[in-house]
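Asker: First the structure, which I've put down as structure tokens, then a few questions once you've had a look.
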Amino acid sequence: MKKSILLALLVLMPVSAWAHPGHAGSGLWSGFIHPFSGLDHILAMIAVGVWAARNTGKKFWLPPAAFLAGMIGGGLLGFEGLQPTFMESAIAASALAAGLLATLAMRLPLAAQAAIAALFAVWHGIAHGMELPVATAPQTYVIGFLAATALLLGTGLVLGKVLQRANRDRWLGAGMTALAATLFLS
């Protein structure tokens, strides 16, 4: 169990807190490593996975899948030029809210979970979609980015399932919520 907690702490220690401006430039590898470069990405994606892990059966995959779909939809909006002035705040709020949902082990209908996860992802997607017109290899960047996003969501699912005993997943959620609150100070 201590190894799981240590792994969670290591995953939550990125180099920088904000990871949006000017990253879509060098294809697959650049897209893949980008989600690991910012606290906002890591917290939102892992928290959605931890929260979704509370679902039974195969249903636990729906919120992470909706997150990926929201990321794609947001990316298309950003690519088309949508640039909300409150985007960074919305991204920080999505990480904070995802952490709270994991902390509270909030039980909502599956459709609501999927809609919330997709909404969180839209903001992250817009931020990266805005960068794609200047990217050297936008298609491969998107593939790498989505693969890494799926990996982080899957990590959250695994951590959530492993830590559910004695509600340790809720403690992880509380830690992620506290870290997400710091995003508003950046």
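The values are calculated or read from the model by the stated rules, or taken from the named source; none is laboratory data. Since this is a predicted model, take the numbers as computed values, not measurements. Cβ coordinates were reconstructed from backbone atoms using ideal geometry, including for glycine residues, and neighbour counts include every protein chain displayed.
Asker: In the set 129, 99, which member is under 26 Å from residue 182 (Cα atoms), at pLDDT 95 or above, small (Gly, Ala, Ser) and in contact with a helix residue (DSSP H, G or I) (Cβ under 9 Å, 6 or more places away or on another chain)?
Answerer: Residue meeting the stated conditions: 99.
Asker: Sticking with this structure for a sec: Give me the helices (runs of 4 or more DSSP H) completely within the range 100-186, filtered to those with at least 3 residues that are touching a Pro at 6+ places or on another chain (Cβ under 7 Å) and in contact (Cβ under 8 Å) with a residue 40 or more places away in the chain, ordered by residue number.
Answerer: 110-129, 138-163
Asker: Another question, if that's okay. Can you pull out the residues in the range 44-59 that are over 10 Å from residue 156 (Cβ atoms) and assigned to a helix (DSSP H, G or I)?
Answerer: 57, 58, 59
For (1) within 13 Å of the chain's Cα centre (by Cα); (2) of a type in the set (Gly, Ala, Ser), each residue gets a yes or a no:
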{"position": "67", "(1), (2)": "yes, no"}
{"position": "77", "(1), (2)": "no, no"}
{"position": "82", "(1), (2)": "no, no"}
{"position": "93", "(1), (2)": "yes, yes"}
{"position": "112", "(1), (2)": "no, yes"}
{"position": "118", "(1), (2)": "yes, yes"}
{"position": "124", "(1), (2)": "yes, no"}
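Asker: While we're on this one: For residue 56, only one of the following conditions fails: (1) within 12 Å of residue 101 (Cα to Cα); (2) free of Cβ contacts under 8 Å to residues at least 24 places away in the same chain. What is its number?
Answerer: So the condition that residue 56 fails would be (1).
Asker: Here's a follow-up. Among the listed residues 148, 111, identify the single one that is at pLDDT 95 or above, over 22 Å from residue 55 (Cβ atoms) and either hydrophobic (A, V, I, L, M, F, W, C) or crowded, with 24+ Cβ neighbours inside 10 Å (or both).
Answerer: Result: 148 is the single residue among 148, 111 that is at pLDDT 95 or above, over 22 Å from residue 55 (Cβ atoms) and either hydrophobic (A, V, I, L, M, F, W, C) or crowded, with 24+ Cβ neighbours inside 10 Å (or both).
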